[in-house]
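Notes to accompany the following structure.
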Amino acid sequence: MLGTTVFSQVARDTIFIYDTIRITVTRPAPPPTIFFEEPTATISKDSIIIDEQSRQSSTMSNFRQSANRLIRRIAVGTMAVATSVTTAFAEIPSESQLDPLEIEIQTQVDTIIRVDSIFEIESKKRAPIYLSFAYPLGLFGTESENYIFNFAFSLLTGAVGGIEGIQWAGLYNQVSGRVNGVQWAGLINLTQEIQGAQWAGICNFTHDVRGIQWAGIMNQSNNVSGAQWAGVLNVANNVEGMQWSGVYGVADTLKGLQWSGIASEAKVVQGMQWGGIISRADQVRGLQMGLINSTRSLSGVQIGLVNRADTTHSGLSIGLININNRDRFREIEVNVTTHGSTLLGYRIGRPVFHTMFAVGTNWNRNYIETRFGFGNLTRLHNSLYLQTSFYGNHSTSRLHRNSWRETPRFQHDNWMTLSSGLVYYWGGRLGIKVIPSFQYWTNFNRPLSRIWTASYAFGLDVGLSVRL
């Protein structure tokens with residue numbers, strides 16, 4: 001029987017680093033190296049000749065092919081990042097080839113691929129400073145894109161591989177990797193990732209932002225973790241933090257605050273969305289504000305002049321006109337009050353919370369009365385409902401003049417009303433109402449004098465309504 005000795009080593013190589021991923025591979029021991037006591041490579045038992053050199057070459061070729069396939073997947077952006085991959089790089093001769101009594105093999109270590117860092121391309125070199133007039137007219141020439149600098153200053157334009165410090169350009173900055181620090185350009189910044197602050201007079205184009213992004217006109221990013229500010233337009237896929245736009249802001253997923261002077265738009269809002277005129281989202285989980293608010297799914301609060309929510313899971317819409325397509329409530333009503341007013345009103349929203357407003361007159365006292373407030377309609381039994389409303393009243397009347405030369409005088413009365421009563425719907429649509437109310441009055445006369453008075457009163461509204 002031949003005596004044998006087997007040796008195995010573990011090696012660690014960094015095989016590839018591309019854009020956002022550094023991949024370090026811990027290679028297993030190469031196939032066992034067999035040293036025979038006799039100067040022959042022939043195993044007489046099975047007449048098998050083992051060519052060690054050929055087998056090792058084939059193994060490394062398989063390894064390189066596996067690495068190349070991994071690299072190509074990363075380059076086209078289709079690789080799912082894995083924290084560990086176990087791969088066998090060599091085949092150990094089977095028992096039919098070698099007698100297990102003749103060989104001793106050490107435990108083989110699995111191959112592990114580890115993701116270390118982002119935008120750290122090992123092929124890139126490092127240098128402390130970069131100076132240029134306009135790329136490539138500067139230090140390092142076209143090779144500057146293969147360097148990571150601490151400081152980069154360009155009179156007009158500059159292009160580097162990465163920044164760990166400060167980058168400044170009069171017009172345009174381009175970084176193929178990551179910026180750790182501050183990037184400033186008079187016109188445009190273009191980079192893969194920024195961790196720190198990015199400022200441009202016109203536009204910033206960045207894949208990932210972790211910090212603050214500021215532009216005089218527009219920002220466009222894929223992911224923002226921090227703050228995005230633009231004088232006109234902000235565009236981002238995912239925002240965790242704040243997005244502030246002078247005119248228009250758009251995001252797919254927003255977790256935080258979105259504010260725009262004219263319009264804000266997002267698919268999913270988890271936080272607060274505010275638009276000077278229009279706020280629009282597919283889903284709102286939080287607060288949505290604007291003159292006109294629109295969402296398909298609401299779980300929170302809408303505050304605006306006109307609110308639209310296709311479905312309200314939980315929460316309410318507060319505004320002059322509230323539109324809910326699924327659980328909507330619309331009603332026209334005519335009420336007569338105990339103090340002699342006749343009012344035509346309209347209620348819109350949801351039964352649980354809706355907006356009501358009315359206008360009418362008092363023929364005896366010669367004044368015009370208006371109402372605006374909110375209401376709730378709760379079903380008690382079959383066609384019998386409890387209606388509760390809280391609204392403000394305002395009336396204006398012209399006082400009698402003793403002579404035509406006398407300055408016209410007007411009396412303005414304001415009072416708050418809390419009412420709660422019963423409504424019976426005949427056939428589910430025609431309602432008969434009897435609504436007692438408690439009123440708190442204030443009034444003053446002008447322009448000759450301002451005399452404030454306050455009083456409490458009870459009232460009663462009797463009316464008819466039609467549900468639409």
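For region 266-321, how big is the tail of P(r) above 15 Å, as a whole percent of Cα pairs?
Above the 15 Å cut-off, region 266-321 has 29 percent of its Cα pairs.
Using amide H atoms built 1.01 Å from N in the peptide plane, name the residues 5+ places from His339, or on other chains, whose amide H lies under 5 Å from its own.
When sequence neighbours closer than 5 places are left aside, the close amide H contacts are Leu460.
Report the Rg/Rh value for region 197-302, based on alpha-carbon coordinates and the Kirkwood definition of Rh. Please list the in-between numbers first.
Values: Rg = 12.5 Å, Rh = 12.9 Å.
That ratio equals 0.96.
Per residue, how much space in cubic angstrom lies within the convex hull of the C-alpha atoms of region 281-409?
Taking the convex hull of the Cα positions in region 281-409, it is 126 Å³ per residue.
FYI, it's all coordinate maths here, none of it is from the lab. Please read all numbers here as calculations on a predicted model, not as lab measurements.
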